[in-house]
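Input: a single structure, listed below in structure tokens.
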Amino acid sequence: MEKIIYYPVFFTATIRHWKRLLKPDKYKEIILEQLRVQIKKNQLIVYAYCIMDNHIHIIWQVKGVIDTSEVQKQFLEGCSKHIKADLELHHPNVLPFFKSSQNDRSYHFWKRCAKSKELYDDDIFEQKLDYIHYNPVKAGLCNLPEEYLYSSAVYYEKGSEVREGILTHYRG
């Protein structure tokens, strides 16, 4: 089987109705764990991320022969499954806000049509990297990008990864 070469992708997924579902750190940790799962399956390289209360930005690159949309689907479904389980156990009153009208699911956490944009050159890549890292600053959550705990900014600013096993530097 021929190996497919993918470009890095700027990926954004938003919580339905812009609800702040990801505000608790435990849900941000679920997002990070699902990235680790995809990395361990040898399906992804993650270059950057920022997890906000109601959306996520990731720069990733799909590896191997799996289709980009399939990796994205697995990632979002994995996040949803774990968040739903926690909500059922600890916050059942929140679930009705995410009730789905679709027959194939009870709840729908992510807004349809997550955004993916291939990054064909270094200038565009670095522009998106800065955009991701300055997102929490723009939102007033911190003064400097590297102060935000759920971002890869500290990795690029100080060369240290807060959460092991996720990031690969885009310069190799």
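Observations on the model:
- Across the range 126-145, the number of residues qualifying as surrounded by fewer than 19 Cβ atoms within 10 Å (Cβ to Cβ) and of a type outside the set (Lys, Arg) comes to 12.
- Close pairs (6 angstrom Cβ cut-off, 6 or more residues apart or separate chains): closer than 14 Å to residue 46 by Cα in the range 137-161, modelled with pLDDT under 95 and assigned to a loop (DSSP other than H, G, I, E, B) anywhere: 155/161
- Condition met for residue 129 (closer than 17 Å to residue 11 by Cβ, in contact (Cβ under 8 Å) with a residue 60 or more places away in the chain and under 17 Å from the mean Cα position of the chain (by Cα)): yes
- Residue that is farthest from residue 11 (Cα to Cα) [pool: residues in the range 95-116 that are assigned to a loop (DSSP other than H, G, I, E, B) and in contact (Cβ under 8 Å) with a residue 24 or more places away in the chain]: 108
- Given (1) without any contact (Cβ under 8 Å) to a residue 60 or more places away in the chain; (2) part of a helix (DSSP H, G or I); (3) within 23 Å of residue 7 (Cβ to Cβ), number of the condition residue 77 does not satisfy: (3)
- The range 70-125, residues that are closer than 28 Å to residue 171 by Cβ, surrounded by fewer than 17 Cβ atoms within 10 Å (Cβ to Cβ) and among the β-branched types (Val, Ile, Thr): 124
- From 118, 70, residue being of a type in the set (Asp, Glu), modelled with pLDDT under 95, in contact with a Pro (Cβ under 8 Å, 6 or more places away or on another chain) and closer than 23 Å to residue 6 by Cα: 118
- Matching entry among 170, 134, 156 (being assigned to a loop (DSSP other than H, G, I, E, B) and in contact with a helix residue (DSSP H, G or I) (Cβ under 8 Å, 6 or more places away or on another chain)): 170
- Residue pairs meeting the criteria (Cβ under 6 Å; at least 6 apart or on separate chains; first assigned to a helix (DSSP H, G or I), in the range 58-74; second surrounded by 17 or more Cβ atoms within 10 Å (Cβ to Cβ)): 68/62; 71/43; 71/62
The values are calculated or read from the model by the stated rules, or taken from the named source; none is laboratory data. Remember, it's a predicted structure, so these values are computed and weren't measured experimentally. Cβ coordinates were reconstructed from backbone atoms using ideal geometry, including for glycine residues, and neighbour counts include every protein chain displayed.
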